[in-house]
Structure formats: structure tokens, C-alpha cells
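The values are calculated or read from the model by the stated rules, or taken from the named source; none is laboratory data. Please read these numbers as outputs of a predicted model, since none were measured by experiment. Because the Cβ atoms are built from the backbone with ideal geometry, glycine has one as well, and the counts that use them run over all protein chains shown.
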Amino acid sequence: MLQQQLLDDLALANTHELVENVRIKYLGRKGLITNLAKETDFSKLSADEKKDFGQKLNELKNFATEKLQEAAERVAATATPVNKRLFDLTIPGSHRAFGAMHPISMVQLELEAIFEGMGFTVLDSPEADTEYSNFESLNVPADHPARDMQDTFWLTNGMVLRTHTSSNQVRALKRFGAPFRGIFPGRCFRYEAIDPSHENTFFQCEGLMVDENISVAHLIGVMKTLLGEVFKRDVKVRLRPGFFPFVEPGFELDLNCLFCEGSGCPTCKQSGWIELIPCGLVHPVVLEHGEIDAKRYSGFAFGLGLTRLAMMKYGIRDIRYFNSGDVRVLEQFAPVL
Ligand code: FA5
């Protein structure tokens, strides 16, 4: 009877822990089999009876030991290996530091979305380009004084590190023809003194729209939409005449300094204004270089200072932080989880 009871218990024991419980129940210090000897009054038994009892008790212990051993082996054979156990989703995970997108990339993506919403195509363009693309195609001949405005890094093969994203204007017009609407964001390089608002490596976003009857009104409309969406509030801007050989007329669109609200600070060089978007109507010579009929089509172009826009949007007072590689700057843009 005790044997059958032991077998029934072991049939239900499917872990090592349960098998051990069965062992304790039968063979432990106060176990059912162990107790058989303790509870028997040997003084009342004859010598033969004692011998017989001892034999049966040993047989029972051996039986139990054997069945417990079998049960332990069965459990070991069917146990799930540790590396195959199901995940416990309630265990708290370990925290990993998240990376952050660079603020310039964030502004670039935002600009791309805004312009795509206005039907503009986003184009990539080369950082190392020809002298023709960077200057001549834009109505800036070799001896033109405007070249002094952009101190240039020349490469040993005669090419240049582009000084502005305007270098892609004629290439885009030749490739896509008119009508055309596109932006080309990218990195530009100038050999110049570095200060809180000037870097030798910075980002611009060129915009170019060519179609029939394009006027300054279209240019202003697009600029207003752009700044309204970027700053999500009314910003003060001013338009003043500006000279660039590739536009006629040319303008400088300045943004009222968001740090000092126009009263003057180091970022705006005490002027109260940040020079942000030079722009104008595309010069007919540039259209012709782009193989566009300048009598039929007109257009506007702008060269937005992307890095300076990122400074204004995120309140970064010194342009040198962007290229500093200081991870503490970037950490401030990491997503909060
Ligand atoms: C140009 O580069 C013209 N290609 C812009 C243009 C395009 C005019 C199309 C007309 C039509 P400018 O040199 O002013 O213009 O530079 C444009 C913008 O780039 C500036 O307003 C400024 O925001 C930014 N920028 C220029 N130099 C630096 C610099 N060293 N560091 C950071 N940003 C700069």
C-alpha cells in the first residue's frame, strides 16, 4: 500500500523539487518509511519476526530509493534547458543609453518635410565640385570680385569644396528642366575665421523654383510658410537688398535675433538681426546655363543658413558646439523614455 502511494506521488512529481519532496515524505528523518521502524515495538517481536520485519523494511527502502532515482532521471531528461526557457516578461529590463539625432539633421529633416509638402523635390549634391559649378555656372567668372566673398578650399586636382549649395543649381536645371521645384540641403566649406556664428564647415539648404511667371511674391510666400512652420510662432523678418551675381534682384532675409529679441547680443554681433536667407530671382544667365528658355521661364532661389537656423530653433548660442563632438551637447536631444 505504501509502495503504491509512493508510485502515485512520484507520477505527479515533474520537477526536481517535487521529487525531493517525495523523498522527504517517505525517506526523510520523519518520513513514512523511516517512521515504520520508529513506531514498531521490537520488544514484542520474536527473533524471526524481527528478522522478517528488517528484511521487508530494507526491501521497501530499496524500492523507494530505486523509484526516486528513476523519477529524478525522468525529470532531468524532460527538463527545459535554461537557454530555452520562456522569457519572463515581468523582469525589469536593463537600461541602455539612447543615441540622439544631431540638431542639424533634425532641422534638415523638418525642412525636407515642409518643402515636400509644397511640392519640392529633395536632391543630394556633391560636396567636392568643379570650379564651374561653384562659380562660373552661377555668373561668377574667375576675375569677379564676388569670389572674395567666399574664401575657398581648393583641392589639389583643381576642384573645390563647395562654398555654397548654389553649386547644384545649374546641374539640377540641366537634369530636370522647367518647371522645377527642388531643395538641396548639404554641407559647405569656407576658409574663414571662426566665431560664435561662423564655422569653416556648416550647412545650407538651397531652394530653387523655376516656372512661368515666377515673381518676388512667390519667393516671399514660400519664405513666410517656411519660417512659420519651423518656429511655430510669428517671427520678425526683414528683407533688404543683397548682391549675388546669380540673382537679380537679390535680397537678404534677416531674422530678428531670438536670443536678445533684437536688443543686441554676441550671437547677432550686437545687430539684433541674424542673416538667415539670402535670396532673389534667378539671373537669366544662370537659367541659360541650365538650358532653360529665360524668355519663357523665371524663378527664385534662396540659400538658407541651415546651421544658423538650428541655432535659433534650439537656442544654441555658439555655432562651434555643432562640430565640437561634445557628447553632452547631443545628449540634450536624446529622446526621453
Ligand atoms: C550664399 O552662400 C549664396 N549662395 C546664397 C544664395 C542662394 C543667394 C541663392 C541667392 C540665391 P551667403 O554667403 O550669404 O550666400 O551664405 C548663405 C547663408 O549661409 C548665410 O546667410 C548664413 O546663414 C550661412 N553661412 C554663410 N557662411 C557661414 C559660416 N561661415 N558659418 C555658418 N553659416 C554660414
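Here are a few things to note about the model shown:
- Residue in segment 285-297 that is more than 13 Å from the ligand (Cβ to nearest atom), in a loop (DSSP other than H, G, I, E, B), hydrophobic (A, V, I, L, M, F, W, C) and touching a Ser or Thr at 6+ places or on another chain (Cβ under 8 Å) present: no
- Within the set Arg320, Arg296, the sole residue that is within 30 Å of Ser215 (Cα to Cα) and surrounded by fewer than 16 Cβ atoms within 10 Å (Cβ to Cβ) turns out to be Arg296.
- Lone unmet requirement of (1) within 11 Å of the ligand (Cβ to nearest atom); (2) more than 14 Å from Leu304 (Cβ to Cβ) for Asp254: (2)
- In segment 289-306, the residues that are over 25 Å from Gly186 (Cα atoms) reach residues that are not in a loop (DSSP other than H, G, I, E, B) with C-beta atoms within less than 7 angstrom, at least six apart or across chains, in these pairs: Ala294/Pro284; Ala294/Leu287; Ala294/Glu288; Tyr297/Val210; Tyr297/Asp211; Tyr297/Leu287.
- Scanning segment 323-337 for residues that are loosely packed, with under 13 Cβ neighbours inside 10 Å, of a type in the set (A, V, I, L, M, F, W, C) and outside any loop (DSSP other than H, G, I, E, B) yields a single hit, Val327.
Quick grid of which residues meet (1) in contact (Cβ under 8 Å) with a residue 60 or more places away in the chain; (2) surrounded by fewer than 18 Cβ atoms within 10 Å (Cβ to Cβ); (3) within 13 Å of the ligand (Cβ to nearest atom):
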| site | (1), (2), (3) |
| --- | --- |
| Gly221 | no, yes, no |
| Lys224 | no, yes, no |
| Glu229 | yes, yes, no |
| Glu261 | no, yes, no |
| Gly264 | no, yes, no |
| Gln270 | no, yes, no |
| Leu276 | no, no, yes |
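- Within segment 166-180, considering residues that are closer than 15 Å to Met209 by Cβ and within 11 Å of the ligand (Cβ to nearest atom), the one surrounded by the most Cβ atoms within 10 Å (Cβ to Cβ): Gln169
- Filter pass, Leu239 being within 27 Å of the chain's Cα centre (by Cα) and within 13 Å of the ligand (Cβ to nearest atom): no
- If the condition is being surrounded by fewer than 24 Cβ atoms within 10 Å (Cβ to Cβ) and of a type in the set (Val, Ile, Thr), then segment 184-211 contributes Ile194, Thr201.
- Total residues in segment 231-259 satisfying the condition of being outside any loop (DSSP other than H, G, I, E, B) and touching a residue at least 12 places away in the same chain (Cβ under 8 Å): the figure is 15.
- Here Gly158 passes the criteria (1) under 16 Å from Phe189 (Cα atoms); (2) more than 16 Å from the ligand (Cβ to nearest atom); (3) outside any loop (DSSP other than H, G, I, E, B) except the one numbered (3).
- Residue within segment 161-171 that is of a type in the set (Gly, Ala, Ser) and part of a loop (DSSP other than H, G, I, E, B) present: no
- Listed conditions (1) at pLDDT 90 or above; (2) surrounded by fewer than 16 Cβ atoms within 10 Å (Cβ to Cβ); (3) aromatic (Phe, Trp, Tyr) are all met by Phe135, apart from (2).
- Annotation note: of Arg240, Arg233, the sole residue that is surrounded by fewer than 14 Cβ atoms within 10 Å (Cβ to Cβ), farther than 23 Å from Phe203 by Cα and of a type outside the set (Gly, Ala, Ser) is Arg233.
- Of residues in segment 119-151 being more than 32 Å from the chain's Cα centre (by Cα) and among the hydroxyl-bearing types (Ser, Thr, Tyr), the one nearest to Phe184 (Cα to Cα): Ser133
- Yes/no for Ile214 being touching a Gly at 6+ places or on another chain (Cβ under 6 Å) and surrounded by fewer than 21 Cβ atoms within 10 Å (Cβ to Cβ): yes
- Against the test of being among the aromatic types (Phe, Trp, Tyr) and more than 28 Å from the chain's Cα centre (by Cα), the options Phe184, Phe189, Phe180, Phe203 yield a single qualifying residue, Phe180.
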